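For reference, the structure is listed below as structure tokens.
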Amino acid sequence: MKNIKNKILVTGGAGYIGSHTCIALHEADYDMVVYDNLSNSSREAINRVSTLIGQPIDFIEGDIRDADSLRQVFAAHQFFGVIHFAGLKAVGESVAKPLMYYDNNVNGTITLLKVMAEHEVSNLVFSSSATVYGDPEVLPITEESPRSSTNPYGQSKLTVEHILEDLALSDNRWSLIPLRYFNPVGAHPSGQIGEDPNDIPNNLMPYISQVAVGKLDQLSIFGNDYPTVDGTGVRDFIHVTDLAQGHVAALNYLTQQQQGLGFLPINLGTGKGTSVLELLTAFSAVSGQNIPFRFVERRAGDIASCYASADKAQALLGWKASLSITDMCQDTWHWQSINPNGYNIA
Ligand code: NAD
Ligand code: UFG
């Protein structure tokens, strides 16, 4: 007999982090329903996850801003909780289209929370981001570090966090866990699913891998005069399958609780900083490719260094990232080299 604590709604489950998390959920014996409007993902990702787990995915194409559609889903299933990945994530686009970002990320989440309340589903794991720490004064960054934001995307994550805090104060049945991701990279070791940016990538790892595979000519490194080990930016890169396991650990923790936990933010990072040049060197070594680069001006809004304290995740959830920078590069390269056009197989 199935345990009702096992059924999870995964919004945005067709996306990069969501698709990897679906596999981890399946492996941990959770049942899931994926709800995604495919605005930044494809059915092919769902098909591949189905193949990898050896069974069809219960997939619904829908928008989190559509309350009636969500109601139908909640009426048809008895969920233990929701993992909420659905949202838009491009910082530059958020500056150009702030209303689109607030509508999707903030209004969408409010609609989801209302429907959860109507159906007395009170467990939520939310995709937050290290972006809520702004330009950190102290490293490593703990969950108590001050929060701020510098662009509409970051502001939308921070606003949702504030909403979750207020909601937790209003009713002690809620358990609301924002997982603050640092820099997710890598792909499933099968090479079947991975990150598939729509356009020219904004983020470092997909840019490097597209140069390595010959789709782009050279990497521009934004700044070599930061106060870091080699002058380039430092980030806490975390393998997406480690990140996926972090979601399973958060859910496992929720299933052990007898009462609402309130608002419980948790960092998901490795605790280690790696510079842009260090990542590039590691990727070159793993792929055997020469990856041309040049130094250009700093990118507006970038910070010098950012890495997590991952102590809270270990203490509370028993979770710790285990994969190395080499693993991250190897799995990215595997995915990129067998899928040079991502999911676009036509
Ligand atoms: P992604 O774009 O690959 O996945 C997001 C998914 O949500 C997509 O499949 C998209 O189609 C779906 N979606 C968007 N708006 C929706 C809506 N209104 N209704 C239903 N579905 C909708 O992004 P990702 O990298 O997998 O990120 C997942 C979450 O993690 C996002 O909320 C993102 O902001 C957050 N996050 C990502 C990173 C990162 O670097 N990838 C870092 C920190 C936080
Ligand atoms: N970088 C380059 N060249 C590129 C792309 C990036 O030199 O072509 C550098 C950046 O300057 C930075 C580092 O690589 O020093 C990492 O940049 P990313 O764009 O990969 O990642 P960010 O840390 O800037 O931002 C990411 C997500 C945000 C999220 C933030 C914190 O894109 O959405 O992590 O989680 F908010």
Would you please give the FRET efficiency between ARG294 and GLN257, computed as 1/(1 + (r/R0)^6) with r the Cβ-Cβ distance and R0 = 41 Å, to the nearest 0.05?
0.20
Given unit charges at Cβ for Lys, Arg (+) and Asp, Glu (-), the dipole magnitude of segment 293-346 about its Cα centre in debye, nearest 20, is 120
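Expressed as a rounded percentage, what relative contact order does segment 1-112 have, with Cα pairs under 8 Å and six or more residues apart?
Working: 162 pairs, mean separation 35.2, N = 112.
Value for segment 1-112: 31 percent.
Using the Cα gyration tensor of segment 240-346, with a ≥ b ≥ c the square roots of its eigenvalues, what is the shape: rounded (a/c below 1.5), prolate (a/b larger than b/c) or oblate (neither)? Please list the in-between numbers first.
Details: a/c = 2.40, a/b = 1.68, b/c = 1.43.
Prolate.
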Regarding segment 191-302, what are the three Cα extents along the principal axes, ordered largest first, in Å?
55, 37, 26
Sum up the charges of everything whose Cβ sits under 15 Å from the Cβ of PRO265, counting Lys and Arg as +1 and Asp and Glu as -1, but leave PRO265 out.
-2
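Might you report the magnitude of the Cβ-based charge dipole of segment 248-326 about its Cα centre, with Lys and Arg at +1 and Asp and Glu at -1, to the nearest 20 debye? If you can, show how the numbers build up before the last one.
Values: 6 positive and 4 negative charges, 4 e Å.
For this selection, approximately 20 debye.
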Centre separation in Å (Cα based) which lies between segment 274-346 and segment 1-50:
23
What list of ³J(HN,Hα) values in whole Hz, one per residue of segment 202-208 in order, does the Karplus curve 6.51 cos²θ - 1.76 cosθ + 1.60 (θ = phi - 60°) give from phi, with Gly and Pro shown as x?
8, 8, 4, 4, x, 5, 4
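Considering only the other residues whose Cβ falls under 13 Å of the Cβ of HIS20, what net charge follows from Lys and Arg at +1 and Asp and Glu at -1? Let's see the in-between values first.
On the way: positive: ARG48; negative: GLU27, GLU195, ASP196, ASP242, ASP331.
Surrounding charge for HIS20 is -4.
What is the dipole size for segment 64-145, taken about its Cα centre, with +1 at each Lys and Arg Cβ and -1 at each Asp and Glu Cβ, in debye to the nearest 20? Can you show the working numbers first?
On the way: 5 positive and 10 negative charges, 64 e Å.
Result for segment 64-145 is approximately 300 debye, rounded to the nearest 20.
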Top positive-direction residue, dipole computed over the chain with Cβ charges, set GLN78, LEU219, VAL240:
GLN78
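How much net charge surrounds PRO136 when only other residues with a Cβ under 14 Å from its Cβ are counted (Lys, Arg +1; Asp, Glu -1)?
On the way: positive: ARG147, ARG180, ARG235; negative: ASP135, GLU137, GLU143, GLU144, ASP236, ASP302.
Value of the local net charge: -3.
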Which cross-chain or sequence-distant (5 or more) residues have an amide H under 5 Å from the amide H of ASN267, H modelled 1.01 Å from N in plane?
ARG180, ALA313
Can you count the Lys pairs in the chain whose Cα atoms are under 18 Å apart, with each pair 8 or more apart or on different chains?
7
Work out from phi, with θ = phi - 60° and the Karplus expression 6.51 cos²θ - 1.76 cosθ + 1.60, the ³J(HN,Hα) of each residue of segment 24-40, listed in order in whole Hz, and give x for Gly and Pro.
5, 5, 4, 4, 8, 6, 8, 9, 9, 10, 9, 10, 8, 8, 6, 6, 9
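What FRET efficiency comes out for LEU316 versus LYS114 if R0 is 35 angstrom and r is the Cβ-Cβ distance? Round to the nearest 0.05.
Values: r = 28 Å, r/R0 = 0.80.
FRET efficiency, LEU316 to LYS114: 0.80.
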D (µm²/s, integer) via Stokes-Einstein for the chain, Kirkwood Rh across alpha-carbon pairs, 10 °C, 1.306 mPa s: value 78
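List GLU195, GLU144, GLU278 from most exposed to least, where exposure is judged by having the fewest other Cβ atoms within 10 Å. It would help to have the intermediate numbers written out before the result.
Details: GLU195 23, GLU144 9, GLU278 17.
Starting with the residue having the fewest Cβ neighbours, the order is GLU144, GLU278, GLU195.
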Residue among ILE53, ILE17, ILE238 with the largest mean-square fluctuation in a Gaussian network model of the chain, springs linking Cα atoms under 10 Å
ILE53
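Taken together, the values in this text are just the output of simple stated rules run on the coordinates, not laboratory data. Since this is a predicted model, take the numbers as computed values, not measurements. Positions of Cβ are backbone-derived with ideal geometry, glycine not excepted, and every protein chain shown enters the neighbour counts.
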